[in-house]
Amino acid sequence: MAAIRVGIVRIEHLREALGIGVARPRISWQVTGAEPGWAQSAYEIAVDGTGTGPVESEESQFRPWPGAALASRERHSVQVRVWGTDGGPSPWSEPVEVEAGLLDPSDWTAEMISPEQEPGGTAQPDPAALLRGEFTVRAPFTRARLYSTAQGVYELELNGRTVGADVLSPGWTSYSHRLRYQTYDVTELLAEGRNALGAWLSDGWFRGRIGFEGGRTHVYGAEIGLLAQLELHYADGTVETFGTDASWRTAPSPITAVGAYEGETYDARLEQDGWSAPGFDETRWQPVRTIGHDAGVLVAPSGPPVRRTETLRPVKIFTSPAGETLVDFGQNIAGRLRITVRGPAGHTVTLRHAEVLEDGELGVRPLRSAISVDTYTLRGEGREQWEPRFTMHGFRYAQIDGWPGELTADDVQAVVCHTDMERTGWFSSSHAELDRFHENVVWSMRGNFVDLPTDCPQRDERLGWTGDIQVFAPTAAYLYDCAGMLSSWLEDLAAEQEQFGTVPVYVPWIDLGVFPAEPTAVWGDAAVIVPWTLYERFGDLDILRRQYASMRAWVDQVAVRAGGSHLWDSGFQLGDWLDPTAPPERPEEARTDVHLVATAYFARSADLLAQAAGILGRDAEAVHYSQLAERVRAAFSVEFVSPSGRMASDTPTAYALGLEFGLITGDAQRARAGRRLVELVRANGHRIATGFVGTPLVCDALTSAGALDDAFRLLLQTECPSWLYAVVQGGTTVWERWDSVLPDGRINPGDMTSFNHYALGGVADWIHQTVAGLRPAAPGYRKVTIAPRPGGGLAHAATSHRTPYGVVDVRWERVREVFELKVTLPPGVTATVSLPGHEGVELELGSGTHVHRMPFRAAHEDPLPEATPALLG
Ligand code: BGC
């Protein structure tokens, strides 16, 4: 027992529980240092050093808050200790602080202020404004908290120092339903006497242009605004509040224009020294205008903010055929440049961004109307450093015009920005291109988990497309702890669904007059599948509970659509989007019948909803939806599956759906369907023939059909279309199209050609689960299945996943005909292991490190002799 430690105590899904919006925050922890096979038998939570008494339980995740509901601003420290099968208790964990935010709308006394005399802005893109206010601090004070948000995007400065490290806060939610506020500990930034709080404020998603085909401005309103409330707690127990109000002043900022798509224009000559420090002469500043706001929509974040997570140096600076100065960062990212420059006042440097080069020049056509140009006009006073504040770009290359002197690698960096999630999943193998592909999947997640899950980070889109995250969620939940971020987005989904009348194809929803208010399969199914995936991967029942009404509303609506036939065979569909045979301009023209796809997803969602209902104790609904799922499966079978197991659409996507969604049930039918899938995959030379729908399923379906070797050949194919094609073409992210770069090196002429779309990277889930062999067998990886299926000539593969209980590590290696598997399990996790070639033999493992060695030959090699012992050691 002595070595046992309780670490990483987590409050809800947050690493930093400051300003939490939950009055009874749940507590989770991990145990380290335990003997193999150790299991927790009890735990105790202490609040402010006082233990609540041991609770007999093996559970370490989402344990109920032990005290009374938190009031706004209430702060406590939490510690945990545990007992195990071998005694106890462990030492207390390091304390973790929990502090409630403003839980009630009436806590807000500050007023929202606008820098403009009337709503509307000037031209698009608008300039950003500065706002400032001053206040007095008495001594001694003990703590200071700043609660703030904006209609727009904002950044605060207190006495000349930047508050927090957030990028583009408050991020993008369905503002009319939910506007997140941030909580900052500003105790260290305050001083006795006069203090000043300053803000940069710009349109952001609230008022700036968003959306394709011209997009829209003023989506949420014509008035940008800032809301900030600083609360000072004094040693004598009194609290003083200072907030935005009519006494604040405003002035134009050095940002003379900024838009998400357009980029930022900054004139450093307009900087006003000391503007966010006390005593600044603000006589030439204008009064602000107070505007109303609805405190009822203010919510605390449930995940981390967007931050700068990495900076990259140029790997190459060179001159293009046209004589332009180009920089290659070696990696396609979402973020922006940071420059360090010296030059004369008034001189302008222009930064252009692109993901690719075309004929040796920046390939900007795929950006469509997102021109992505930042300009910096120098102040002319020595070394100047600048990074845009309120814009982001998707790029690997930059063109730098007007650089004074010679540009060196020390002058420019690429700053990677995304939601600051914790990395939790890794994969590596003996196959260099496969590893690079996996790296590309990680980078596409980083490029698109920028506060909400977007389709792409570069063109005039960057929307929360529901279909894209629906197919990618299992991979995402493995690679990063995205539970907080995605559960916030799901709340927006539910709010939009209710208002819009169905699940929109992207969330937050903006009506661009392009998509009908009609349920669309695969995309709308995100309402059911994303919460289910989060439950499965993070074990948080509350997410299911919160989303249940939205999940049910979706399935009910589809059921009405399908009517008595139980076939979803009408209305608008996107289908197996981006099937490689679809014409570049008509990505929805896939070979698989859209109604086959829609009905398959209907069965899948009804089935998951039934399971969710059962888990939530809604027994009658569980029965109702499982009967519904059964009827849909039966209808599907009659309509789309021949008695012998042929699908109405003779495509890999149709077979993959049939096999993986349990729609082909008879053994003979399944066997026939499996054989047909293999025939199709082989006939196509093991090149990809699936779009958004079939791609994440096809390797699983081949595996279930006993054709592991074909799954590997598909996975490791490098000819177009294939996953590794982009890798051998030098891609550093997952592309939107199988041929975003055509085999002849030209950029795909379609006007929808991104180089950073995670959807087709959803196969990484198969890589984790089957190649490396780790999959959850109970919610939150409380139990895991370890079933590596080596193939493709791989000599070794390894994966690690930081589960809620701690890191599970699986690595295998083949040395000639010996297969070695090494598994490490954290306390609290048990595993069922199934070894390749010995599928019938299952081993049960507890925590600790386990090594197994056995003779092995891959499926296509000679079978093992009957008498081979299953395990050697
Ligand atoms: C997006 C996709 C999306 C699709 C559906 C595209 O423009 O980038 O990823 O799912 O539209 O219409």
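Give, as residue ranges, the strands (runs of 3 or more DSSP E) completely inside region 187-271 that count at least 2 residues that are hydrophobic (A, V, I, L, M, F, W, C). It would help to see each step written out before you state the result.
Numbers: elements: 193-202, 225-234, 239-243, 249-252, 255-259, 263-267.
In region 187-271, 193-202, 225-234, 239-243, 255-259 are the strands (runs of 3 or more DSSP E) which contain 2 or more residues that are hydrophobic (A, V, I, L, M, F, W, C).
Identification of strands (runs of 3 or more DSSP E) wholly contained in region 774-837 with 1 or more residues that are open to solvent by 10 Å² or more (accessible area, probe 1.4 Å) and free of Cβ contacts under 8 Å to residues at least 40 places away in the same chain yields 774-776, 806-815, 818-825.
LEU794 meets the conditions (1) more than 25 Å from the chain's Cα centre (by Cα); (2) among the aliphatic types (A, V, I, L, M); (3) within 28 Å of LEU452 (Cα to Cα) in every case but one. The failed one is (3). With the requirement that a residue be touching a Cys at 6+ places or on another chain (Cβ under 9 Å) and within 16 Å of the ligand (Cβ to nearest atom), what does region 727-751 give you? Passing the criteria: GLU736, TRP738, ASP739. Flag not set for GLY761, criterion: touching a Gly at 6+ places or on another chain (Cβ under 7 Å), open to solvent by less than 30 Å² (accessible area, probe 1.4 Å), within 30 Å of THR832 (Cα to Cα) and not hydroxyl-bearing (Ser, Thr, Tyr). The set of residues in region 291-328 being buried (at least 18 other Cβ atoms within 10 Å of the Cβ) and part of a loop (DSSP other than H, G, I, E, B) consists of HIS293, ALA300, PRO301, SER302, GLY303, PRO304, PRO305, PRO314.
Restricting the search to region 276-290, which residues are open to solvent by less than 20 Å² (accessible area, probe 1.4 Å) and not polar (S, T, N, Q)?
Initially, region 276-290 is screened for residues open to solvent by less than 20 Å² (accessible area, probe 1.4 Å), giving 276, 285, 288.
Answer for region 276-290, where residues must be open to solvent by less than 20 Å² (accessible area, probe 1.4 Å) and not polar (S, T, N, Q): TRP285, VAL288.
A search for C-beta distances below 8 Å between a residue of region 555-584 that is within 19 Å of PHE640 (Cβ to Cβ) and any residue that is assigned to a loop (DSSP other than H, G, I, E, B) and among the basic types (Lys, Arg), counting only pairs 6+ apart in sequence or on different chains, returns ASP576/ARG591; ASP579/ARG591. In region 202-217 there is at least one residue matching the filter, namely being of a type in the set (Lys, Arg) and crowded, with 23+ Cβ neighbours inside 10 Å.
Note on region 136-153: residues that are touching a residue at least 60 places away in the same chain (Cβ under 8 Å) and either open to solvent by 10 Å² or more (accessible area, probe 1.4 Å) or charged (D, E, K, R) (or both) total 7. Criterion applied to VAL349, VAL356 was being open to solvent by less than 30 Å² (accessible area, probe 1.4 Å), at pLDDT 95 or above and within 20 Å of SER444 (Cα to Cα), and the one residue passing it is VAL356.
Just to be sure, is ALA494 open to solvent by 10 Å² or more (accessible area, probe 1.4 Å), more than 16 Å from the ligand (Cβ to nearest atom) and touching a residue at least 40 places away in the same chain (Cβ under 8 Å)?
Values: open to solvent by 10 Å² or more (accessible area, probe 1.4 Å): yes; more than 16 Å from the ligand (Cβ to nearest atom): yes; touching a residue at least 40 places away in the same chain (Cβ under 8 Å): yes.
Against the criterion (open to solvent by 10 Å² or more (accessible area, probe 1.4 Å), more than 16 Å from the ligand (Cβ to nearest atom) and touching a residue at least 40 places away in the same chain (Cβ under 8 Å)), ALA494 qualifies.
For region 583-594, residues that are buried (at least 19 other Cβ atoms within 10 Å of the Cβ) and more than 12 Å from the ligand (Cβ to nearest atom) total 5. The set of residues in region 452-481 being assigned to a helix (DSSP H, G or I) and either without any contact (Cβ under 8 Å) to a residue 60 or more places away in the chain or over 22 Å from TYR781 (Cβ atoms) (or both) consists of THR466, GLY467, ASP468.
For residues in region 456-477 being near the ligand (Cβ under 7 Å from one of its atoms) and out of contact with any Gly (no Cβ under 8 Å at 6 or more places or on another chain), which is farthest from ASN756 (Cα to Cα)?
Step one: filter region 456-477 for residues near the ligand (Cβ under 7 Å from one of its atoms), giving 456, 461, 465, 467-468.
Next, only the ones that are out of contact with any Gly (no Cβ under 8 Å at 6 or more places or on another chain) stay: 465, 467-468.
Values: TRP465: 14, GLY467: 16, ASP468: 12 Å.
Result: GLY467.
VAL239 falls short on exactly one of the conditions (1) touching a His at 6+ places or on another chain (Cβ under 9 Å); (2) surrounded by 24 or more Cβ atoms within 10 Å (Cβ to Cβ), and that condition is (2).
Listed by first and then second residue, the pairs with beta-carbon distance under 8 Å, at least 6 apart or on different chains, first residue in region 518-531 and modelled with pLDDT under 95, second within 12 Å of the ligand (Cβ to nearest atom), are GLU518/PHE572.
I'd like to know if region 428-437 contains one or more residues that are in a helix (DSSP H, G or I) and open to solvent by less than 10 Å² (accessible area, probe 1.4 Å).
Restricting attention to region 428-437, the residues satisfying the condition of being in a helix (DSSP H, G or I) are 432-437.
With open to solvent by less than 10 Å² (accessible area, probe 1.4 Å) added as a condition, the list becomes 434, 437.
Within region 428-437, one or more residues are in a helix (DSSP H, G or I) and open to solvent by less than 10 Å² (accessible area, probe 1.4 Å).
Scanning region 497-554 for residues that are within 16 Å of the ligand (Cβ to nearest atom), of a type in the set (Gly, Ala, Ser) and farther than 30 Å from ARG775 by Cα turns up GLY513, ALA517. The single condition from (1) out of contact with any Asp or Glu (no Cβ under 8 Å at 6 or more places or on another chain); (2) within 30 Å of GLN399 (Cα to Cα); (3) aromatic (Phe, Trp, Tyr) that PHE318 fails is (1). Would you call GLY198 assigned by TED's automatic domain parsing to the domain that holds ARG161, crowded, with 16+ Cβ neighbours inside 10 Å and under 28 Å from the mean Cα position of the chain (by Cα)? So GLY198 does not fit the description; no.
Can you tell me which residue among ASP411, ASP435 is free of Cβ contacts under 8 Å to residues at least 12 places away in the same chain and away from the ligand (no atom under 16 Å from the Cβ)? Full working, then the answer.
Details: ASP411 fails: free of Cβ contacts under 8 Å to residues at least 12 places away in the same chain.
Result of the check over ASP411, ASP435: ASP435.
Looking at region 204-241, which of its residues are touching a Phe, Trp or Tyr at 6+ places or on another chain (Cβ under 8 Å) and either assigned by TED's automatic domain parsing to the domain that holds ILE371 or among the charged types (D, E, K, R) (or both)? Answer for region 204-241, where residues must be touching a Phe, Trp or Tyr at 6+ places or on another chain (Cβ under 8 Å) and either assigned by TED's automatic domain parsing to the domain that holds ILE371 or among the charged types (D, E, K, R) (or both): ARG207, ARG209, GLU231, GLU240.
Among the residues of region 838-860, those that are open to solvent by 60 Å² or more (accessible area, probe 1.4 Å) and farther than 22 Å from TRP426 by Cβ comprise GLU839, GLY840, VAL841, GLU842, GLU844, ARG853, ARG857, ALA859, HIS860.
All of VAL597, VAL632, VAL638 fail the test of being within 16 Å of the ligand (Cβ to nearest atom) and part of a helix (DSSP H, G or I), apart from VAL597. Test GLY259 against the criterion of being open to solvent by less than 50 Å² (accessible area, probe 1.4 Å) and touching a residue at least 40 places away in the same chain (Cβ under 8 Å), and give yes or no. It is true that GLY259 is open to solvent by less than 50 Å² (accessible area, probe 1.4 Å) and touching a residue at least 40 places away in the same chain (Cβ under 8 Å). Pairing residues of region 30-50 that are in a strand (DSSP E or B) with residues that are open to solvent by 50 Å² or more (accessible area, probe 1.4 Å) and among the small types (Gly, Ala, Ser), at Cβ distances under 9 Å and at least 6 apart in sequence or on separate chains, gives THR32/ALA3.
Could you check, for region 438-450, whether at least one of its residues is part of a loop (DSSP other than H, G, I, E, B) and either more than 26 Å from GLY575 (Cα to Cα) or within 12 Å of the ligand (Cβ to nearest atom) (or both)?
Checking region 438-450: not a single residue is part of a loop (DSSP other than H, G, I, E, B) and either more than 26 Å from GLY575 (Cα to Cα) or within 12 Å of the ligand (Cβ to nearest atom) (or both).
Please verify whether THR122 is open to solvent by 70 Å² or more (accessible area, probe 1.4 Å), part of a loop (DSSP other than H, G, I, E, B) and under 17 Å from THR244 (Cβ atoms), treating the condition exactly as stated. Even if it seems obvious, please write down each step before you answer.
Values: open to solvent by 70 Å² or more (accessible area, probe 1.4 Å): yes; part of a loop (DSSP other than H, G, I, E, B): yes; under 17 Å from THR244 (Cβ atoms): no.
No; evaluated as a whole, the condition is false for this residue.
The values are calculated or read from the model by the stated rules, or taken from the named source; none is laboratory data. Since the structure is predicted, the reported quantities are computational estimates derived from the model, not experimental observations. In this analysis, Cβ positions are derived from the backbone assuming ideal geometry, glycine residues included, and neighbour counts consider all displayed protein chains. Only protein heavy atoms, including side chains, enter the accessible area calculation; ligands, DNA and RNA are left aside. Shrake-Rupley method; radii C 1.70, N 1.55, O 1.52, S 1.80 Å.
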